[in-house]
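The next block holds one structure in the form of structure tokens; read it before the comments.
The values are calculated or read from the model by the stated rules, or taken from the named source; none is laboratory data. Note that the structure is a prediction, hence the values are computed from the model and not measured. Please note: Cβ atoms are built from the backbone with ideal geometry, for glycine as well, and neighbour counts cover all protein chains shown. These area figures cover heavy atoms from the full protein model, side chains too; ligands, DNA and RNA do not enter into them. Shrake-Rupley method; radii C 1.70, N 1.55, O 1.52, S 1.80 Å.
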Amino acid sequence: MIGIVIVSHSAKLAEGVVELARNMGGAELAIQAAGGLTTDDTTLGTDPILILNAIEHVYSEDGVIVLMDLGSAILSSEMALELLPEEKRSKIFLCEAPIVEGAIAAAVQARIGGSIQQVINEARGALMPKSTHLNIGVPEISQTQAASASHENHLSIQLTVKNTLGLHARPAARFVQAAGKFPQETILVSNLTTKKESVNAKSINNVITLGVRQGHQIEVTASGPNARAALDAIKILAENNFGDQEESAIAESVPSTAVISTSGEVSSLTGIAASGGIALGPAFLYRLAPTEIPEHHIENAEQEWEKLLESIAKTREEIETDRKSATNRTYHNTAAIFEAHLMFLEDEALLSPTREKVFKEKQNAALAWQTSVEKISAGFRNLEDAYLQARGKDVEDVGRQVLLHLLGINHAKFVMDIPGILIAADLTPAETSHFEPATVLGICTAFGGPTSHSAILARELGIPAVVGLGDKILALQNGQHIILDGENGKVFIDPAPEIINQYSIKADTLRQAKNKARLERAAPAVTRDGRTVEIAANIGSVAGAQVAVESGAEGVGLFRTEFLFLNRTSAPDEEEQYQTYRATAKALGGRPLIIRTLDAGGDKSIPYLNLEPEANPFLGWRAIRLCLTQPELFKTQLRAILRVAAEFPVKVMFPMIATLDELRRAKFLLAEAREELIARNEAYAEKLETGIMVEIPSVTQMADLFACEVDFFSIGTNDLTQYTFAADRTNPKVASLADACHPAVLRQIHHVVDAARANNIWVGVCGELAGNPDAIPILLGLGVSELSMSSPSIPGTKEIIRSWTVADAEKLASAALESESAESVRKLVKSTAPLNTNILD
Ligand code: PEP
Ligand code: MG
């Protein structure tokens, strides 16, 4: 792979560029920062020796590209080259490309195995996306394969891009990487929606410049021996949103449409589904009182400016309060929305023109401020990108709050006396954050999109919402009857009795179940006949522990520690691991924490562990197999865990155990780690509950013997299913085979629970099956005592457990064990479940 060196006067800048480039090109990238001076990393400057070392570090016979900032960076780089032996020097290329954009483009091209010339060309053309976006003369890029494409023997597919932000930098990088895996193929992509010409799909600059937005259709054409495979890979990537984690609740944008009844009145409207759920009730029109802005001029600019600063300070306090309220009332980190608002208050783009108007033009502060706010928000609204357009509303929101303070208007928080469906032109996040789902049953807006912050907050608050309904919705009268279908983006106006009936039933069941689940998320999951199932969370970080507690987790059943080892150049040392595990345990406030030891390998490659490439990584050198052959790496982690367990309720579990011998060797190393702490006089846990992940059929078969040697089992159904059906869990082609609801998996769980019972140890499930609504009652019936899942599934899972008796669940489980397929198991559950399982959707 081509090496990349980043030379900057600032060490921090160079490191930052490397971080960005890695984000695009991945951990395997050979990239090194050479910023600042060797002797003192806070002094600005460049050092030839540092640059030389960086080049040596990433040196490859294929070539190294050096990107520099300015002035002495170039001289120092030239000097570094002179210090290299002749044969190496010829492989190093100093490149004039812009340092940030160039590094990112080079990283993506290097990652896909491009030649040094291709990497240099990509870096050189890196300003093209920006120039195109800003409509400034577009620099030419050589090597665009568009011209050279043979249109004979090519295959093509058309795809619709669903990502909210379109093919922006990261999904575009993934797209280029997918195309780059096919070096012999010529792959071109065009934007059919904007009719932009085909460009080279292996060039990040070319792909970004296509300006692909959400909903655009693209055509990918490939020719060459593996053209079909290349298109398949790209199709799968597109089906997975190009690797972006989209908020599932965001529906595809649908233009607003109205259905007119025979009487000529609008009977239904279609907008954009922004928050799921159904609401029925009277319309409540919400209009902001217009604010009169004074136009007089002022004498004392200092005094006027002071007034503005005071109003900004008061607004800041309000936003802080809104932020706290949102954090307490929603699951996710919606606080970030308000952080952005706080930033607007300090933004010189707003303050500077206002200052000028007050001091130079002697405008009153309200007029000056409002003019600046309108200018900035209009700037956002004029952008093509829907997400950025929505930010204009945020500026207006903050601007209005400051303005009301300036004018001394007491803006009482909005209250609705009776429950109803709120109708507004658009809403601000601050307004939305105060809505109570008990009175604001649903939200309809004429404008705004699903990515507006008020839509995000509506989802977080569990209020159904349809946005972008157009101004027809504003013509409604207060009290008109409305049905809002937040799943399908529909609004029915004065609907017929049969529609009311149908939706009333749906809405009641869903809303009650969801609200109840949410309100009762902190309470235990106890079946109707009194059995408690422990509901825990799967996490990968300290932040995950905080979210888990907020979601009602009673502990952590699986801490995937490998995340701590990914995306870095060396393993975390004992102290770093100790601090991380300690912080995680602390965040759980006394709740139990099960730490799984390093599960590297498989689909989680860690470059610095120097793992050999394997033909079948999931059947290869992963997890405990790797740890047992790298005892120092393993014991470092075990020491850190033992130290935290001295202070907090921590348990340990080993992943991917296949044989008793492995388990014994792992326990032996645990004992050694303990001895090492004793020798160091360090506090450690005398007794550390030790369990294994049950994820290989050899263990389910021998569960009786394993049960004698561990304190608990945690069934990893993700791996157990892939090994049961010999179906790679990362291969979408065999995804339907690997169905964890299949009796072949359920029977193994049954067998493991029996073996555990006979030996008085407990069994949990921490694979995805644990949070699967169809599987929850079966797992209960099989006698699993702990379910560990991703945090958002927790409230709904608890509610499902509460709706069953153990006796009924046992009957269901027995029938499921006798079923012949996963499909029949699901049908069985649907026909017996006392609760609508949509609660987890
Ligand atoms: C599993 O295999 O079910 C499991 C929980 O572990 P992971 O998904 O991390 O492999
Ligand atoms: Mg696993």
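Computed over the alpha carbons of the stretch 394-506, Rg followed by Dmax gives 15.0, 52 Å. The packing ranking, built from the mean of other Cβ atoms within 10 Å per residue, places the peptides 737-744, 295-302, 310-317 in the order 737-744, 310-317, 295-302, highest first. For the stretch 83-112 versus the stretch 269-325, the spacing of their alpha-carbon centroids is 50 Å.
Placing unit charges on the Cβ atoms of the charged side chains and taking the dipole of the chain about its Cα centre, the candidate lying farthest along the positive direction among Phe359, Ala458, Thr315 is Ala458. By DSSP, the beta bridges lying fully in the chain are antiparallel in about 45 percent of cases.
Length gained on full extension, Lys362 to Glu295: 23.0 nm, using 0.36 nm per residue less the C-alpha separation. Taking only the alpha carbons of the chain, we obtain Rg and Dmax values of 30.0, 89 Å in that order.
The label point for Asn488 and the one for Lys195, both projected 7 Å from the Cα toward the Cβ, are 3.6 nm apart.
A simple charge model with +1 on the Cβ of Lys and Arg, -1 on the Cβ of Asp and Glu and nothing else charged puts the dipole of the stretch 1-86 at about 260 debye relative to its Cα centre. Taking the centroid of alpha carbons for each part, the stretch 706-759 and the stretch 4-68 are 46 Å apart.
In the chain, taking the dipole from charged Cβ atoms about the Cα centre, the farthest positive-side position among Asn163, Val119, Leu342 is held by Asn163.
For Glu348 and Met416, calculate 0.36 nm times their separation in residues minus their Cα-Cα distance, and state this gained length in nm to one decimal. Before the final figure, lay out each step's value.
Numbers: separation 68, 0.36 × 68 = 24.48 nm, distance 3.71 nm.
Separation in residues times 0.36 nm, less the Cα-Cα distance, equals 20.8 nm.
Given a 1.4 angstrom probe, what's the average accessible area per residue across the chain, in square angstrom? Display every interim value, and only then the final one.
Values: 36840 Å² over 841 residues.
Each residue of the chain exposes 44 Å² on average to a 1.4 Å probe.
For the stretch 486-566, the Kirkwood estimate of hydrodynamic radius, built from reciprocal distances between every pair of different alpha carbons, is 16.2 Å. Eigen-decomposition of the gyration tensor built on the alpha-carbon atoms of the stretch 521-671 gives equivalent ellipsoid semi-axes of 28, 17, 15 angstrom, largest listed first. In this calculation the C-beta distance from Glu672 to Arg625 is compared with R0 = 22 Å, giving a FRET efficiency of 0.75.
Given the DSSP H assignment, sum -39500 (n - 2.57) over each helix run of at least 4 residues in the chain and divide by its residue total; what's the result at 222 nm in deg cm²/dmol, nearest 500?
Values: 32 runs with 371 residues, N = 841.
The helix contribution divided over the chain gives -13500 deg cm²/dmol.
Residues within the reach of a label modelled at Glu632 (point 7 angstrom out along Cα to beta-carbon, backbone nitrogen below 20 Å), restricted to the stretch 534-571, are 565-566, 568-571. With a sphere of radius 13 Å drawn around the Cβ of Gly479, what net charge do the other residues whose Cβ falls strictly inside it have (Lys, Arg +1; Asp, Glu -1)? Around Gly479, the charge tally is -2.
In this structure, the pairs whose alpha-carbon distance is over 20 Å, taken from Lys357/Lys393; Lys12/Lys130; Lys181/Lys202; Lys130/Lys375; Lys324/Lys514; Lys362/Lys393, are Lys357/Lys393; Lys12/Lys130; Lys130/Lys375; Lys324/Lys514; Lys362/Lys393. In summary, the aspartates and glutamates within cross-link reach of Lys196, defined as a Cα separation below 19 angstrom excluding same-chain residues under 8 places away, comprise Glu140, Glu219, Glu384, Asp385.
Note down the magnitude of the dipole of the stretch 452-550 about its Cα centre, charges +1 on Lys and Arg C-beta and -1 on Asp and Glu C-beta and zero elsewhere, to the nearest 20 debye.
On the way: 11 positive and 11 negative charges, 34 e Å.
In debye, rounded to 20, the stretch 452-550 gives about 160.
Here Glu306 and Leu37 are evaluated by their C-beta separation; at R0 = 41 Å the FRET efficiency comes out at 0.40. Treating r as the C-beta distance of Ala679 and Ala727 and R0 as 51 Å, the FRET efficiency rounds to 0.65. Computed about the Cα centre, the dipole magnitude for the stretch 761-841 is approximately 180 debye when only Lys and Arg (+1) and Asp and Glu (-1) carry charge, each at its Cβ.
Taking each residue as 0.36 nm, the span from Ala615 to His57 lengthens on full extension beyond its C-alpha to C-alpha distance by 198.0 nm. Spin-label pair Asp471-Lys130: with each label point 7 Å from Cα along the Cα-Cβ axis, the two points sit 4.0 nm from one another. Looking at Ala707, His216, Leu828, which one has the Cα that reaches farthest to the positive end of the dipole of the chain (charges on Cβ: Lys, Arg +1; Asp, Glu -1)? Towards the positive end, the residue furthest out is Leu828.
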